[in-house]
Structures are given as structure tokens and as C-alpha cells.
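Enquirer: Please see the structure below; I have some questions.
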Amino acid sequence: MAFHLRHDFVISRRATRTMWSAGLAIAASVGTASAQQQRGPWAAVRGYVFDSLLTNATVPGAQVVLNGPSPRTLVADARGRFAADSLTPGQYVVTFSHPSFDGVGYTPPPRRVELRMGVWTSLYLSTTGGWGIYAKLCPDIKEDRSGVVLGALTNASTDRPIAGGEVRVEWSERVISREEGVSLRSRAARSGTDSTGRFQICGVPNNAPMLLRVRGNGVDGPPLELELLEHPVAIRMLSLDIPDSTVAVPAVAAAPVARGNAALKGIVRDDDGKPIPEAQIVVLGVSDGSRSAESGRFELNGLPGGTHTIEIRAIGFTRRREMVNLRGGITADLDVKMIRMAAVLPEIEVKVAARRSEFDRRRLGGGGGGHFITQEEIERRNPYQTEDLFRSIAGFSVTPSGGFADRVVSTRGAGGLSGGPCSPTFYIDGVKTDVDPTTGSGLPVVPSEIYGIEAYNGGASTPVEYQGQSNCGVVLIWTRRGGPRRR
């Protein structure tokens, strides 16, 4: 098997199709299987396509193109295999492609193969392994669990590369010390963009969520979530909307929000392919959102162009985030598959009156030391995420836990190596729910779904049926499921 490393950056006719091929190449081994001499002046080829860059698996549906004396286009089967016979012998140029490669801006370079008369030639097509690419691109980085982010930055309106821009990656590292216990330390790395818009950032963590920020022509793009998921290489083709195609309108917080004429539509499904109604879909950094209909479908209009992070939340499912490129005058499509949480809420309807008998009884009866947040207060405060409601509760705080995720902690608990902040126990509609923002789950309930919240710092103030679970306090969240919804 021969590996080839190319250091050129290929620019196609459309800048959004700019491909980074530094270090990315086909690793193809071409050999002859047991030569089967057949009658007739023909040649044949068979093999399979393997992706060692993104999935480490074969590539069903990959398109293999043979250019030569007998041009042929083949499609790999469900196991990534392909075959063709009755070919005229001679020199062929072989290329392969797949939508997953297009999505990250990767185009394998062509490979020359000689097909001989009367012989089945075995052809193995593979993307180059990510670790080999990382070693070539970042030879000075010796840290374990690290990787490289590379790609290109373009203007969402014109598709032209943005030169002289900046791409910045930010993340948090957990530091354990005897003096301070567990703490978070902020880290960052950056890269400028060259004349073709390309960038490369070495040494980012490949096992932690990060924020990706872009800047070009004096314009800051929205923060984007990035996670390498243990892979050594991430390729991101980013775009930025330039102000001449947007209009600033006041948001709730009196800050200008970019508007445009891009649109996004799609469908939200569960892991069985069934539609999920009432899922909340939000473009992070844009105030407005949407809810999925009974069919699971949704649509968002009036969006600014550029690369954005889309957040999808639904009760009983892990929060999902997707990165999409939007362009003015074009409607992008998004098909979202949600994953159920390990602790699934019971599939029963709990009447609002039953909630009042527990939540309102304690709230109106003095609360016994708990802090109560009502539906009316939530609507008045209009928080972006449920975690924001805890910023004003004595004994609780909200801290970043990497990427966009925030973590609710008790500041009066007895956890941690030095008795510092620790995570309270959460109950949703009376069901204990594990919440771990480091895995991307966070609180699985959006503010508009909440009927009320009870927060207890621990000890005797906690309702007796919820005591003994944690020394870090207890949080009870009651949803409006089963009752009339207020729009």
C-alpha cells in the first residue's frame, strides 16, 4: 500500500467547493488476484472502497469512475464493493467520491491503474488514515488526544474566499489540584486565512467540545460548536455573511441581530424514524426559533447566511446540534435523528391539577426553604436555555462545561475534592434524570415546556420523598406535558 501526501490546495469554480487536499490522498493498492485467464480480449476490475478518515468503515454507495479505453461509472454495493468486466485493456484513471466526502470538502486525487487482458485486477480504494495526515500536517505537536482543524472560509453571498480572516478555537481543560480541587482552565488556538481562505489549527483536543469562531472583513460570525470525537482530523468549510446582505434589527436584549433571506427546513425523527412533534429548533445566535409539527417538519425563514449551529431539543431526547451552511435566497434541508435519553420520562399524561397539588402546595405553603420559579416568571424572563433560570437562585450557579454547554452547580453542597461546587440531583416530573453536560445532554427540557421549578440546597429543606439522594441539593422540574399549552 502506497501513501502519497499532497500539499496543494485545490480551488474549484465555486469557492464553497474549495477542497483541502493537504495530506489527503487515496491509498490504493493495486494487485492482481490469481490470474484467471479467460477467453476474449477483455479486462476486468473488482474491489471495495474504505473510509479511514471519517468512519473507519467501507463506503456503501460510493461512486467509482473509470476513465480510459472503456469509460465506466460504478456504484459500490451495501458492503462497499464494486466490479466491472468486459473492459478494453489499457491505462485507466480511477477516482471515487461520496456525499460524506463532499460534506467535509474532501476530494480524493485520481489514481492511474493498468488493466490487463484476461485478468481480474483487484483494486482497493481508501482515504488516507487521519493519524498519518495529522503527523504530516502538525509534526511539532506531541500531545496525546489532540488533533487538527482545517478548511476554508468563504463569503456566503459570493462564494469567494475570505483572505486575511481569523479562525479561533476555544475550549476548557479540567485541572485537578490538591489546593483547588477540580477547576476549569480556558484555552484557545487561532489561525489566519490565506489568499484562498484556507486555515489550519494544530493541537486542539480531540476528546472535548470546543467553540469555533470566525472573523473576516471586520465581521464576527456566530460561535459554532466543534467536536472531533476522538478523530485526529476535522475539516470544516465555513462561510460568513457580509453586512451588505443583512439588515440589523433590535433583539430582546437590544443587541443587533443579523437578518437575511436564507431559510432552513427539515424534519425531526426519533431513532426508529418516527416524527417527533413539538421539538424546539433554534439557530444559535438568532433569537427566533421554531417548533416541529405533528409530522416532525419545521421551517425557519429570514435567516442570515453563513455557517450556523442549529440546536434541536425535545423532551426525553438528548440535545442535538448540527452545523449548517446557509445562503441567501436558498432553502437548506436538515434531517435530524434524535437519540433517546437513558432515563426516559414515563409515557403517561400528568394533569396540570396534579402538578399543582405538589408544586403549588409547597410553594403556597411556604416552601420549607426551597426556591420556586413559576411558569409566569419563566415567560416574563424569556431565558434562552433552562440553565439560565438558575443564575438568580441563591446557592446555585451556572458554569461553562465546554462548547456551548452550561452546567448547573450547587455552591453550598458538600461535594468535590475540597468541598466546593457540585452537581445537584435532578427530577423531571418526579423521575430522577441523569444530567451530564460534558456528553452534550444538558437539561433535556426547554423553558417553554416548564410549569414550575423547585430548587433545594439540601438537608431538611428538601421534601422528604427526595431526601437522601445527594449532598449537593435537589432540583425538581415540572413540565406542562398533558395539560393545555400557553402560546
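Enquirer: Out of residues 5 or more away from THR128 or on other chains, whose amide H comes under 5 Å of its own, with H placed 1.01 Å from N in the peptide plane?
Expert: Amide H to amide H, under 5 Å and 5 or more residues apart or across chains, THR128 pairs with ALA25, ALA27.
Enquirer: For the range 269-313, what is the convex hull volume of its Cα atoms per residue in Å³?
Expert: Working: hull volume 3.6 nm³, N = 45.
Per residue, the Cα convex hull of the range 269-313 comes to 79 Å³.
Enquirer: Let me ask another. Taking the range 138-240 as the region of interest, what is the percent of Cα-Cα pairs per 10 angstrom bin, listed from the shortest bin to the one with the maximum distance?
Expert: All Cα pairs, binned at 10 Å, distribute as 15, 44, 28, 10, 3, 0 percent.
Enquirer: Which GluC sites (Glu not before Pro) in the range 111-169 pass both tests, a DSSP loop state and at most 15 other beta-carbon atoms within 10 Å? Walk me through the numbers before you get to the answer.
Expert: Values: sites: GLU114, GLU143, GLU166; in loops: GLU143.
Those satisfying the criteria are GLU143.
Enquirer: With r as the distance between the Cβ atoms of ASP194 and ASP102 and R0 = 22 Å, compute the FRET efficiency 1/(1 + (r/R0)^6) and round to 0.05.
Expert: Numbers: r = 23 Å, r/R0 = 1.02.
About 0.45, to the nearest 0.05.
Enquirer: Between GLU230 and LYS274, what is the FRET efficiency for a Förster distance of 30 Å, r being their Cβ-Cβ separation, to the nearest 0.05?
Expert: Details: r = 30 Å, r/R0 = 1.00.
Approximately 0.50, to the nearest 0.05.
All of the numbers you see were taken from the coordinates with simple rules; none came from a lab. These numbers were taken from a predicted model, which means no experiment stands behind them. All Cβ positions, glycine included, derive from the backbone under ideal geometry; neighbour counts span all protein chains shown.
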